[in-house]
Amino acid sequence: MTKGRVLKIEVEAKKTALVAKILEILGRKLLERTGLKLKAAGKSVPDILLGIEPGIGEEGYRIETTSDGTVRVVGNDENGLLYGVGKLLRDARLGPGGFEPGAWRGTSTPQLKVRGMYFATHFGNFYDLAPMAEIVRYIEELALWGCNLLSVWYDMHHFTGIDDPAAQRVIARLHGMLKAANDVGMGASLTGLGNEAYSTSPKELRADPMPHHYHVEICPSKPGGMELILKWRKEMLAAFSDLDVRYFWIWPYDQGGCKCNDCSPWGGNGFVRTAEPVAGLIREAFPKAKIVVSTWEFGDWHGDAEWDRFYQALAGRPDWVDFIMSEGHGDFPPYVLKHGRPGGYPILNFPEISMTGMWPWGGFGANLQVTRLQKVWDTCRSMLAGGFPYSEGIYEDLNKVICLQLYWNGDRKAEDIVQEYVAAEFGQDAAGIVTQAVMRLE
C-alpha cells in the first residue's frame, strides 16, 4: 500500500480536455478517499501511469503492472481511459493516507455500444432541484461506470412558448447537464414527444385526447398541425445546437398521441407520419444524430392492431429510423419477443429502475431490483444494442450500475455487479455481508 502525502503519476497521452478531466476526477477521488495528492512523477518511478493505445477495442481499457511496480491503465481511446480509471478506483483499497491497487488485471471492452441513462427532470426530484454542481459530480460518477450517453426531455406543456422565462430556465438547466456529459466524454441525447405542444397551442389544432393528455397536444392530421409541430421542434433543437447531440428519441405516448380517425391507431399511423418529418428536422440540426423511435405503451390503447400497423410501416426499413426503443412498465414487450425486431432495426431498452411496484407513483423510493433487472435482461438481451434506464433520482444508483455493467458485459450476473459496487462504496472487507443484505432487501 502506498502511504505518504502524494501519489506519483505519469501520463502517456496528449493532454486533451477529456484527458485533463480524467486527471481531475482521479485526483479528486483519491484526495477525498485517501488524502493523497497526485504529483507528476518526473524522473522517479510513478505509482500510476495513464496512457492511450489504440487496438484494445473501442472504449476498452487494459490494466497491468509494469516490471518496476507501476500500475498502468491504458485506454483504447479517451473514453476507454476514463472507464479504466473507474475500474482502478473501485477495485483498489482506499483509506486515510493509503492506496493499494486491486488485484484485477487484464483487458475489458464493452459488448454494447449504447450505454445511456435518462434523467427525468420534471417531477420536482433531485435532477430538477439539486444544485448543478452536485448533478455534474453525479454525471462524472456514472461515467466512471461506463455510461457514455445522457438523455433529457424538454417537456413543453408547462410553458407558453420557448421565450417563456420558466422555459428558458429549464433549457439552461438541461443544457448544463448535457454540457457536463459532453465534458466527460458522454454524448448528449434529447427526447421529445411526436406531437407535444405548449400550453398556448390553438384549440382548433388540438388532438383528440388520450388518457394521459394535458389537452394541449396537436393533431398532425389537421391542416396546420404538422407545421406548428415542426416550428416548435425546430426552436427547441436550436437551443441545444452547440452540444454534441448523438441521439434523439421520438416518443409516442404518455401525454402524446391522438385518437381521431385520421391518426388511429396512433403508433402505426399518426405517430409514424409525424415522426418522419420530425426526424428530418433533427438530422438537419444534428447530421450525425441517431433517430430512436420509441414504442412506449404500444398496444395499451389499440391492442395488437397498433403493433401490426407499426411493423407494416417499418417493413421497408425507411432510412429515417436508426433504432427502436422497446420497453413497457417493467417488462419487455411480449409482441416484440414474439415477432422480432420491427423492420430489423437494432433495439434499445428503457428499463424502469425507479418506481416499479411503488404506489402512489413517486410516493416511495425504490427498492433494490437486482433479481428483477437480471430477469428482464435475460428475457431480451439477445435483441439489444444497449439502452437508457429511466431514472427519477440518485436513490437507485445501484440499479443504474447493474444496467450499465450488463450493457458492458452481458455475461455477468447482477449479483456480481452488486458485489463490485458494494466493495467500491463500503470497502472490500464489507463486500460480502453488505451484498447479502442488498439481496435480501428485494
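Overview of results
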| item | result |
| --- | --- |
| Summed residue charge, Cβ within 12 Å of VAL216's Cβ, Lys/Arg positive, Asp/Glu negative | -1 |
| Alpha-carbon Rg with Dmax, taken over region 401-440, Å | 10.0, 27 |
| Net charge of Cβ neighbours under 13 Å - reference GLY192; Lys, Arg +1; Asp, Glu -1 | -3 |
| Scattering curve values for the chain, log₁₀ I(q)/I(0), Debye with Cα scatterers, q = 0.07 Å⁻¹ | -0.37 |
| Positive minus negative residues near LYS179 (Lys, Arg vs Asp, Glu; Cβ under 12 Å) | -2 |
| Region 204-339, relative contact order in percent, only Cα pairs under 8 angstrom and at least six apart counted | 23 percent |
| Lysines with Cα under 20 Å of LYS231, excluding same-chain neighbours fewer than 8 positions away | LYS203, LYS222 |
| From the C-alpha gyration tensor of region 244-291, square roots of 5λ in Å | 24, 11, 6 |
| Residue-wise HN-Hα coupling along region 243-258, computed from phi with Karplus coefficients 6.51, -1.76, 1.60 (Hz; x: Gly, Pro) | 9, 8, 8, 10, 9, 9, 8, 9, 10, x, 10, 6, 8, x, x, 7 |
| Descending semi-axes in whole angstrom, ellipsoid equivalent of region 179-315, from the Cα gyration tensor | 26, 18, 13 |
| Relative packing of 285-295, 231-241, which averages over residues the other C-beta atoms within 10 Å, highest first | 285-295, 231-241 |
| Largest-first principal axis extents, alpha carbons of region 67-189, Å | 65, 34, 18 |
| Coordinate range along principal axes, alpha carbons of region 305-381, Å, largest first | 44, 24, 22 |
| Cα-based convex hull volume of region 328-442 per residue, rounded to whole Å³ | 103 Å³ |
| Cα pair distances in region 252-353, grouped into 10 Å bins until the bin that holds the longest one, percent each | 15, 50, 31, 4 |
| Sequence-separation-based contact order of region 320-442, relative, with Cα cut under 8 Å and 6+ spacing, percent | 23 percent |
| Nearest-0.05 FRET efficiency for ALA133 and LYS14, computed from C-beta distance (R0 35 Å) | 0.80 |
| For region 260-307, size of Cβ-based charge dipole, Lys and Arg +1, Asp and Glu -1, in debye | 380 debye |
| Over region 43-163, relative contact order from alpha-carbon pairs under 8 Å, at least 6 apart, % | 21 percent |
| Segment GLU227-LYS37, length gained on full extension (0.36 nm per residue, minus Cα span) | 62.7 nm |
| Label-to-label distance, nm, for residues given as MET358 and ALA437 (7 Å Cα→Cβ offset) | 2.0 nm |
| Per-residue [θ]222 nm for the chain (sum of -39500 (n - 2.57) over DSSP H runs n ≥ 4, rounded to 500) | -11500 deg cm²/dmol |
| Label point distance in nm, GLN111-ALA238, each placed 7 Å from Cα along Cα→Cβ | 4.5 nm |
| Ratio Rg/Rh [Cα only; Rh per Kirkwood] for region 175-253 | 1.06 |
| For region 3-91, the spread of Cα positions along each principal axis, largest first, Å | 36, 27, 25 |
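FYI, it's all coordinate maths here, none of it is from the lab. As the structure is a prediction and not an experimental result, all values here were calculated from the model. Here Cβ is always computed from backbone atoms with ideal geometry, including for glycine, and neighbour counts include all displayed protein chains.
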